[in-house]
Amino acid sequence: MSNTQHTGIGRTPYFVLTGGLAIIFLFPLLWSLFASVSPQPGTGQTIGFGFGNYATMFLFGAGLPLIALNSIFVSGLTVAITLVVSALGGYAFARFKFWGSDALFLLTLSILMVPFASLIIPLYVLLNKLGLSNSLLGVSLIIAMYQLPFATFMMRISFEAIPRDLEESAMIDGCGTFSVLWRIMLPSVTPGLVTVGLFAFLAAWNEFFAPLIMLTDPNKQTLPVAMANLRQQTMGVINYGATEAGVVVMAVPCVILFLLLQRYYVRGFMSGAVKG
Amino acid sequence: MTPDVPDAHAARGGLSFFVRRQLMGFVYTIPTLVLVVLLFVTPLLLVAKMSLSSWALLTGEGAYNFPKNFVAISRNQLFWPAVWFTIEYTVVVTILLLGLGLGLAMLVQAQSRWANIMRTVFLLPVSLGLAAASLLAYGFYSPSIGPISPPLEQLGLIQGPIGFLTTSLSALMSTTFLVVWKYAGFYMLILVVGLQGIPDDLFEAASLDGASARQTFRYVTLPLLRPSLSLALILCVTGSLLAFDQFFILTKGAPDNSTVTVVQVIYREAFQRQNLGTASALSIIVLVVLVLLNALQFRFLRGSDRD
């Protein structure tokens, strides 16, 4: 009864319907795994099943190791920048109101109103002027900036949820504000930090538009752009198998993180959903 | 390492505790301030300036030329078809995503092990990147290794391969299917939060009054879900109007530039026609439209909270 209380359908149709939908949702993911090891004429995997497509992908362009390293570097840097900036900012917005703090908080949130597509052209010009053209740091900074509204909001409400007596007693014991943040506040906001870090990682790992425009040097490319180029490698033949191998390489970390940290993932989306 | 006891400082005649706390707050927000000013406020001002100037990709800043860039973009052959196509895509995707999201939400809102597993399954494609999902679909729709067209051909059920991306209508439908598959779980989650916020006694009262499932949905669920539905609507409309990755990877605007979106026009102006001035003019137009739309929908959202 509890499964179906508001939907008005019986028990058996409920299981058949949800089970059928689940198969439809899982099918493309399972198919891409299957396709990545399937044979295709004119590719690295012509007969039988095997890892020929992965070998093709491994050697493509600047090579998978370098491309993957670029992706890991951009993602790690984005996570680090986002965590440091939003933890310090969120702590200040939650605890140290100063002249202009509300304005700065609102300005940070207003980033959400401005589409990334509208800023990409001036950002391209700006990064060139700052000597950050073809720079992984430049791309990380841009992605981190777009994480700031969510991250700062998340950290602010996390810090605000901590009882004030905790830090007051520490201050009386002689701790400075930074050591209060480091020793007492940060351990209490771990769930917020994990949520912010997770979203920053996924955003950076999956970002396509910014690297496409900012990183023209083939040695600086990240996975999504490199894998989109991979399919057109051989004359005439589109290597679908290698493309799907690339999809698997990009998707596996996301799926693993999602399954491990689903609680934080849902929490992040919920804070967005509740905020309205 | 002097002890940081507030009273000691005040007694020594230094800055008062209050001023010191304000100063600390400012210091902690310096990284935020730098990032926001450097990478948000500055490009915002720069794009306005660029839209008013002649600005080529290679030679850079030129003379002030308003309104030349705006006139040029409105006369661009791609512009109006792209606007209509983007709107068409947004309407189709929004209807399907909100409809399916609501359906899924009602199916998985129960607190049971099965419902939890289903929730995880429907959320799984959300964790993928849009570029990865688009590349997945690129193979999925292919005539050589896709799981639909080649098997049907081998069975003799169809003559040639199914052209999932060959006509403008099929390309739109195929891309829509990909986007709905990838994002349905996200909208399901927003609406599950909304559904779980509706008190159970309202449903009990409805069923005691003899309301049918349809009546309960129409007169209890839908009205109380309005805030969540509005939020989902905002996110879906703004996200779809800015579509880029999926069309860039799946269709590249083909066939005959019939699936070019507005953001793709920005990209082409800037990096194919190498005119950053007109690209900036279009960026400003997109910005204004999106901000207005956000403001409008935000008011609608606020209004729905009051009644």
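Where a number appears in this text, it was derived from the coordinates with a stated rule and is not lab data. This is a predicted model, so every value here is computed, not measured. Reconstructed Cβ throughout: ideal geometry from the backbone, glycine too, with neighbour counts over all protein chains shown.
Here the contact order of segment B:79-259, divided by its residue count and restricted to Cα pairs under 8 Å and six or more residues apart, works out to 37 percent.
Computed from Cα atoms, the angle from the helix A:116-129 axis to the main principal axis of chain A rounds to 80 degrees.
The modelled label-to-label distance for the pair B:VAL288/B:VAL19, using points 7 Å beyond Cα in the direction of Cβ, is 4.7 nm.
Using the Cβ-Cβ distance between A:ILE172 and A:LEU66 with R0 = 56 Å, the FRET efficiency computed as 1/(1 + (r/R0)^6) comes to roughly 0.55. Based on C-alpha pairs under 8 angstrom that are at least 6 apart in sequence, segment B:6-69 has a relative contact order of 17 percent. Could you work out which residue, out of A:ARG11, A:ARG95, A:ARG231, moves most in a Gaussian network model of chain A, that is, has the largest mean-square fluctuation with Cα springs under 10 Å? Ranking A:ARG11, A:ARG95, A:ARG231 by mean-square fluctuation puts A:ARG11 first.
Given axes a ≥ b ≥ c from the Cα gyration tensor, I'd like to know whether chain B is rounded (a/c under 1.5), prolate (a/b larger than b/c) or oblate. Here chain B falls in the oblate category.
Neighbour counts of C-beta atoms inside 10 Å place B:GLU61, A:GLU207 in the sequence B:GLU61, A:GLU207, starting with the fewest. Principal-axis analysis of the Cα atoms of chain A puts helix A:262-275 at an angle of about 60° to the longest axis. So which chymotrypsin sites (Phe, Trp or Tyr not before Pro) in segment A:75-133 are both in a DSSP loop and have at most 11 other Cβ atoms within 10 Å of their Cβ? Passing sites in segment A:75-133 are A:TRP99. Dividing the mean sequence gap of close Cα pairs (under 8 Å, 6+ apart) by how many residues segment B:197-307 holds gives a relative contact order of 23 percent. Rg and Dmax of segment A:62-275, based on Cα coordinates, read 19.8, 73 Å.
Select from chain B the helices, each a whole stretch of DSSP H, whose alpha-carbon atoms run 20 Å or more along the helix axis and whose Kyte-Doolittle mean is at least 1.6; answer none if there are none. Show your work: numbers first, answer last.
Numbers: long enough: B:79-108 (42 Å, 1.87); B:113-127 (21 Å, 0.70); B:168-196 (40 Å, 1.43); B:226-241 (22 Å, 1.40); B:276-306 (45 Å, 1.27).
Flagged H segments are B:79-108.
The angle between the Cα long axis of helix A:136-160 and the main principal axis of chain A comes to about 50°, on a 0 to 90 degree scale. Rounded if a/c is under 1.5, else prolate if a/b is larger than b/c, else oblate: which is the protein assembly as shown, with a ≥ b ≥ c the root eigenvalues of its Cα gyration tensor? Here the protein assembly as shown falls in the oblate category.
For the protein assembly as shown, the residue among A:LEU21, B:ASN257, A:ALA228 whose Cα projects farthest onto the positive side of the dipole built from Cβ charges is B:ASN257. Rounded to the nearest 0.05, what FRET efficiency is calculated for A:LEU59 and B:VAL27 with R0 set to 51 Å and r the Cβ-Cβ distance? Result of the calculation: an efficiency of 0.55. Please name which of B:LEU292, B:PHE122, B:ALA279 has its Cα lying farthest along the dipole of chain B towards the positive end, using unit charges on Cβ (Lys, Arg +1; Asp, Glu -1) and the Cα centre as origin. Going by the charge dipole, the pick is B:ALA279.
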